[in-house]
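The values are calculated or read from the model by the stated rules, or taken from the named source; none is laboratory data. Since we're looking at a predicted model, the values are computed, not measured. Virtual Cβ from ideal backbone geometry, glycine too; neighbours counted across all protein chains shown.
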Amino acid sequence: MTYGDQGGHARPHGISHGGSSRQYADGARPRITGQGSYHGPRGTQARKGGVGGRGARRDGGRDSYPLRSRPINFRGGRGQGRGSDRRLIILAALALVLVVLLVVGVSSCVRGCSSGPESSADTNPVDSRVAAGVSEDLTEQFAAQLDQNERLAHIAASASDYDDQGLLELALSCPEAIDFVAAYPEAEKTAQPYEDTVSQGTVPQLWCWDARWGSVDYAGRPLALTGSGPTALSMAYMGLVGNADKTPAELASLVSDAGLATGDSGMSASFLTSSAESLGLTCTTYTSNADNLSHFLDTGTYLLVEAKANTLTDAAHWVLVVSENEDGSVVVYDPTSPTVSAHPWASATVASSCDTLYALSATSTSTDATTE
């Protein structure tokens, strides 16, 4: 339906009069929106360009086209569906997280319960630091090494407590001395008696760093570092006389009182020749060679040897040659080195390490006194 130009009366069939394209009087036409609609054979459709717009035909002919249908959600129904989906996804994720936490909690509890105190079957009865099933002998060897490592770490951490760096070097070069060195800063610097069993004809193996005398001052340093002479002589004395009254500390005191705690080895050889008699010993000197060394060992004497530096060890020190083996090698007790003492030596090697052999034997008086 269209309206005429005069008075706004309706005209049937939308026919305009006079061929005029103006359908309304000026100022009387109502506002028409850009998206109009028409009722055609396919239903109500939008028409582009509004009333009389370009490309639109009133008869709904070929120039017209249908708009795509789009659902209209007046209450946000589409967004509500998406929100529901989102909530479901969140709830599912939360449920999954709870399941994972539950599984982790259960497994942790199982592990915690199973990792309780180890049964005795899983623990080494000798030392728990060593795996179960290891033999007692090997366990003790491992334990000794582990203990030494702990003490060596302690020595390193408290190195400033040592006035003599030689003690630190002793701990590093001689594992057997680690215990002594670790205890040295707090140890009493006094001598203790030797209470082990001593028998005539058997030489006890003594070490300079023994806690019973190693901390005593001798020749301006701890006896553990300088006492090879008194310690070697003490071994010979105990083996010859069968008495333990002359410990390394006792003999060190006698050497110091005589003013003979001198020389690279810490004891002058003149102490042996001048003081042996007062100890109940006889001392005879011989030129050092392999023949003399073997000969005098055969007579049941012990030989004190002042080994030069860089021969048996790096430093000059005293050792005691105890006996000869069937193959001609000799047994050496070195109070500064378990390594030297651990294996036999060729007599020529020992003889070449020094210039003089000091053969020690017990006097008849000391022997008689011991056997009574």
Q: Having 3 or more residues that are in contact (Cβ under 8 Å) with a residue 24 or more places away in the chain and of a type in the set (Ser, Thr, Tyr) is the bar; report the strands (runs of 3 or more DSSP E) wholly within region 276-372 that clear it.
A: 281-287, 356-362
Q. Applying the selection to region 307-328, what residues are surrounded by fewer than 18 Cβ atoms within 10 Å (Cβ to Cβ) and among the hydroxyl-bearing types (Ser, Thr, Tyr)?
A. Thr311, Ser323
Q: Would you check which residues across region 179-201 are surrounded by 15 or more Cβ atoms within 10 Å (Cβ to Cβ) and either in a loop (DSSP other than H, G, I, E, B) or at positive phi (or both) and list them?
A: Ala191, Tyr194, Val198, Gln200
Q.
Return the pair list, or none, for Cβ contacts closer than 7 Å from residues in region 210-233 that are among the polar types (S, T, N, Q) to residues that are part of a loop (DSSP other than H, G, I, E, B) and buried (at least 24 other Cβ atoms within 10 Å of the Cβ), at least 6 apart or on different chains.
A. Thr226/Gly266; Ser228/Cys208; Ser228/Gly266; Ser228/Pro335; Ser228/Thr336; Thr231/Cys208; Thr231/Pro335
Q.
Condition first: out of contact with any strand residue (DSSP E or B) (no Cβ under 6 Å at 6 or more places or on another chain), over 22 Å from Cys174 (Cα atoms) and small (Gly, Ala, Ser). Can you find one or more residues in region 199-213 that meet it?
A. yes
(Q) Looking at the structure I just gave you, is Gly229 farther than 17 Å from Thr339 by Cβ, crowded, with 24+ Cβ neighbours inside 10 Å and not hydroxyl-bearing (Ser, Thr, Tyr)? (A) yes
Q: Test each condition in (1) out of contact with any helix residue (DSSP H, G or I) (no Cβ under 9 Å at 6 or more places or on another chain); (2) under 15 Å from Pro222 (Cα atoms); (3) among the small types (Gly, Ala, Ser) for Gly259 and report the one that comes out false.
A: (2)
Q) Is there a residue in region 145-168 that is over 34 Å from the mean Cα position of the chain (by Cα) and surrounded by 13 or more Cβ atoms within 10 Å (Cβ to Cβ)? A) no
Q. Do you know which residues across region 299-314 are within 16 Å of Thr226 (Cβ to Cβ) and in contact with a strand residue (DSSP E or B) (Cβ under 9 Å, 6 or more places away or on another chain)?
A. Glu306, Ala307, Ala309, Thr313
Q) Out of all the residues in region 283-302, is one or more among the hydroxyl-bearing types (Ser, Thr, Tyr), within 26 Å of Gly220 (Cβ to Cβ) and assigned by TED's automatic domain parsing to the domain that holds Ala348? A) no
Q.
Against the definition (of a type in the set (S, T, N, Q), in contact with a His (Cβ under 8 Å, 6 or more places away or on another chain) and either modelled with pLDDT under 95 or not in a strand (DSSP E or B) (or both)), how does Thr273 come out, yes or no?
A. no
Q) Which is among the hydroxyl-bearing types (Ser, Thr, Tyr), out of contact with any helix residue (DSSP H, G or I) (no Cβ under 7 Å at 6 or more places or on another chain) and at pLDDT 95 or above, of Thr287, Thr336, Thr299, Thr363? A) Thr287
